[in-house]
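A.B. asks: The structure under discussion is supplied below as structure tokens; questions concerning it will follow.
What follows is calculated from the coordinates using simple rules that are stated; it is not laboratory data. All values reported here derive from a predicted model rather than from experimental measurement. With ideal geometry, Cβ positions are generated from the backbone for all residues, glycine too; neighbour counts draw on all protein chains shown.
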Amino acid sequence: MKSRHLSDEQALDLAMSEAGLDENHAHLEECDVCRDRVRHARDGWRLAVDTDIPEPSPLYWEASKRRLGRELDAEDARRRQRRWLTLAATAAAILATIAILAPVFVGLGRDQRAETSVDAWSALPRVEDDPSLPMIERMLDVETEHAIGCCLGSCVLVLSDEEVRVVSESLRVEMGRSL
Amino acid sequence: MSHSEKATASVGEDAALVKAYQRGEREAFDTLFERHQRNVYRLCYRFVNNHEDASDLVQEVFIKAYRGILRFRGDSSFSTWLYRIAVNTCLSYRSLRRPAMEEFHDDKGANANDVIERIEKDERSRQLREAVSRLPERQRITLILKVYHDLKHADVAHVMGTTIGTAKANLFHALTNLKRLLEKGQGGAP
Ligand SMILES: [Zn+2]
């Protein structure tokens, strides 16, 4: 009974060298198909090897190098342009981000300043522990003081610097008198 | 120096040039081009079978190499990497099929027998190139890499992005088809 036909790989190995000849010898002896396949591949190889391609003139290689040089210069210019465009786009993106986020950060900064001032005040003794509080309570009518504070708060907002100075001076004088 | 020693030295020089280019020396790429343009040209010529298309392909291959060389990490030799680019460029190239430009020979001073012999050889070569150019693309490339660029089966497989078995099978079919084409006088597709 005939063994299986040679694979393309085995046939190629046999066509290009004697590799695998021993183990496939028996099959090749009895199989015309595989013998022909190996022979055709071997003929193809011999034909292929025995062929030249026209060699360009020595000038061609130089011209080819110059042509590539121009192509690569253009490629470098495109790269530089792409780099600048990327940089410009990145810078624009950063500026836009700053423009969008700046108010948020400024707002946060204000809050932080407010917190800081609260912290600074918190260094004072707590209201319950303040020994001067009973004395102040005795000196001032608390309700009147509260009313003046509210009134002053809304007035100071619309006063000019000069007016603020005058009002502050008057207050100091009044406070001094009370003491 | 033996052939394999030369080849190893050449691979080392290529690697050094690649590194030099990656450090910013543009001249290193020019040297790589000088070292490899002939091989790439021959591969492309055998694939398209005409000088003009082969020239365009060479330029395209090296521009692609230039674009990719910064990412080349040396997992294979530079020449294998370049062959891979060349093969992919050839496979995606749709030629306008310009007529082949015939070689010019200055036969001044040659005797009649030499001239006849040369014409016969040229004619044989032309027919063979024509037959090669009619092979299916992957068979054609495999044949070119193996027969004319003397790559090992493993390297052919790597360049083609396939297995050694498939590369060998492709070569086998290329050779048998080539023989058939030449017997038929290149008539029709294999
Ligand atoms: Zn068989």
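A.B. asks: If every alpha-carbon in the stretch A:8-50 counts as one equal scatterer, what log10 I(q)/I(0) does Debye give at q = 0.17, 0.21, 0.22, 0.34 1/Å?
C.D. replies: Here log10 of I(q) over I(0) equals -0.41, -0.61, -0.66, -1.24.
A.B. asks: Right, something else. Too long at a 20 Å Cα-Cα cut-off: which of B:Lys146/B:Lys179; A:Lys65/B:Lys121; A:Lys65/B:Lys64? If you can, show how the numbers build up before the last one.
C.D. replies: On the way: B:Lys146/B:Lys179 16 Å; A:Lys65/B:Lys121 31 Å; A:Lys65/B:Lys64 15 Å.
From B:Lys146/B:Lys179; A:Lys65/B:Lys121; A:Lys65/B:Lys64, over 20 Å: A:Lys65/B:Lys121.
A.B. asks: If we count other beta carbons within 10 Å of each Cβ, what is the order of B:Lys146, B:Lys184, fewest first?
C.D. replies: Details: B:Lys146 24, B:Lys184 11.
Placing the least packed residue first, the sequence is B:Lys184, B:Lys146.
A.B. asks: Taking the stretch A:25-96, how much of its Cα-Cα pair set, in percent, is spaced more than 19 angstrom apart?
C.D. replies: 71
A.B. asks: What three numbers, in Å, describe the spread of the alpha carbons of the stretch B:1-95 along their principal axes, ordered from the longest?
C.D. replies: Here the Cα extents, ordered largest to smallest, are 35, 33, 22 Å.
A.B. asks: The stretch B:129-175: D in µm²/s via Stokes-Einstein (Kirkwood Rh, Cα pairs, 10 °C, 1.306 mPa s)?
C.D. replies: Working: Rh = 10.2 Å.
My calculation gives 156 µm²/s for D.
A.B. asks: Taking beta carbons within 10 Å but only from partner chains, what does the mean come to for residues A:8-19?
C.D. replies: Working: counts 9, 9, 2, 5, 12, 3, 0, 4, 6, 0, 0, 0.
Mean partner shielding for this stretch: 4.
A.B. asks: If you average 1/r over all unlike Cα pairs in chain B and invert the result, what Kirkwood radius do you get in angstrom? Let's see the in-between values first.
C.D. replies: Values: mean 1/r = 0.0550 Å⁻¹.
One over the average 1/r among Cα pairs gives 18.2 Å for chain B.
A.B. asks: May I pose another question? Along each principal axis of its Cα atoms, how long is the stretch B:106-190 end to end? Whole angstroms, biggest number first, please.
C.D. replies: Computed over the Cα atoms, the extents are 51, 27, 14 Å.
A.B. asks: If R0 is 51 Å, what FRET efficiency do you get for B:Ser10 and A:Ser3 from their C-beta distance, rounded to 0.05? Mind showing how you got there, number by number?
C.D. replies: On the way: r = 44 Å, r/R0 = 0.87.
The pair B:Ser10/A:Ser3 has a calculated efficiency of 0.70.
A.B. asks: Points 7 angstrom from Cα along the Cβ direction at B:Ser2 and A:Glu128: gap in nanometres?
C.D. replies: About 9.7 nm, to one decimal.
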